[in-house]
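To keep things clear, I will list the structure first and then write my remarks on it.
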Amino acid sequence: LKVVAIGNDGTRSELKTTININNKVAAPYIGAIDRPVANSTVSGNVEVSGWYLYGETINKIELYLDGSKVTDMPRFNRSDVASVYPGYDASQSGYSYSLNTTRYSNGKHELKVVAIGNDGTRSELKT
């Protein structure tokens with residue numbers, strides 16, 4: 001970028017700077033918690049699974065219970081998700097974790113899955 005100022009006497013002065021233009025807009029986060037179903041009653045070891053996509057690369061997917069982080073979720077390919085959302089990289093869209101519910105008190109709890117992009121953005125899914 002360059003700005004040139006020309007005075008009444010014809011003298012010129014230039015100011016220059018470098019800028020980086022990036023008009024690419026990342027496709028939004030989309031995802032789902034497939035298991036457990038919201039408001040279901042569970043016990044023992046329960047599979048927490050689903051999928052998450054983002055227009056940029058997802059760095060990690062975290063599992064929270066009642067606001068406390070439980071773990072980073074193992075990830076894997078979901079070809080079914082890739083076929084529905086071909087504009088996204090679904091190679092690591094699936095997630096799954098076996099949650100041992102005996103470590104928690106009986107009653108209602110909030111389960112939350114958080115995706116964190118390589119660009120630092122975050123998105124949450126809740127049951």
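The values are calculated or read from the model by the stated rules, or taken from the named source; none is laboratory data. As the structure is a prediction and not an experimental result, all values here were calculated from the model. Virtual Cβ from ideal backbone geometry, glycine too; neighbours counted across all protein chains shown. The area values use the complete protein model at the heavy-atom level, side chains included, leaving out ligands, DNA and RNA. Shrake-Rupley method; radii C 1.70, N 1.55, O 1.52, S 1.80 Å.
Do we have Tyr97 as under 12 Å from Ile30 (Cα atoms) and in a strand (DSSP E or B) here?
Values: under 12 Å from Ile30 (Cα atoms): no; in a strand (DSSP E or B): yes.
Spelling it out, it is not the case that Tyr97 is under 12 Å from Ile30 (Cα atoms) and in a strand (DSSP E or B).
Looking only at segment 1-22, residues that are open to solvent by 100 Å² or more (accessible area, probe 1.4 Å) and either within 28 Å of Leu125 (Cα to Cα) or hydroxyl-bearing (Ser, Thr, Tyr) (or both) come to 1 in all. In the set (1) in contact (Cβ under 8 Å) with a residue 12 or more places away in the chain; (2) farther than 19 Å from Thr127 by Cβ, Ser79 fails one condition alone, (1). Scanning segment 69-127 for residues that are closer than 13 Å to Asn59 by Cα and of a type in the set (Asp, Glu) turns up Asp72, Asp89, Asp119.
A count restricted to segment 111-127 and to residues that are among the polar types (S, T, N, Q) and open to solvent by 80 Å² or more (accessible area, probe 1.4 Å) stands at 1. Criterion first (charged (D, E, K, R) and open to solvent by less than 70 Å² (accessible area, probe 1.4 Å)) does Lys108 satisfy it? For Lys108, the condition - charged (D, E, K, R) and open to solvent by less than 70 Å² (accessible area, probe 1.4 Å) - is not met.
Going through segment 90-105 one residue at a time, which ones are open to solvent by less than 50 Å² (accessible area, probe 1.4 Å) and of a type in the set (Ser, Thr, Tyr)? I'd like the intermediate steps shown before the answer.
Let us first name the residues in segment 90-105 that are open to solvent by less than 50 Å² (accessible area, probe 1.4 Å), namely 90, 93-96, 99-101.
Across segment 90-105, the qualifying residues are Ser93, Tyr95, Ser96, Thr101.
Every residue in segment 38-89 that is assigned to a strand (DSSP E or B) and open to solvent by 50 Å² or more (accessible area, probe 1.4 Å), please.
Residues of segment 38-89 that are assigned to a strand (DSSP E or B), as a first pass: 45-53, 58-65, 68-72, 75-76.
Asn45, Glu47, Asn59, Lys60, Ser68, Lys69, Asp72, Arg75, Phe76 - these are the residues of segment 38-89 that are assigned to a strand (DSSP E or B) and open to solvent by 50 Å² or more (accessible area, probe 1.4 Å).
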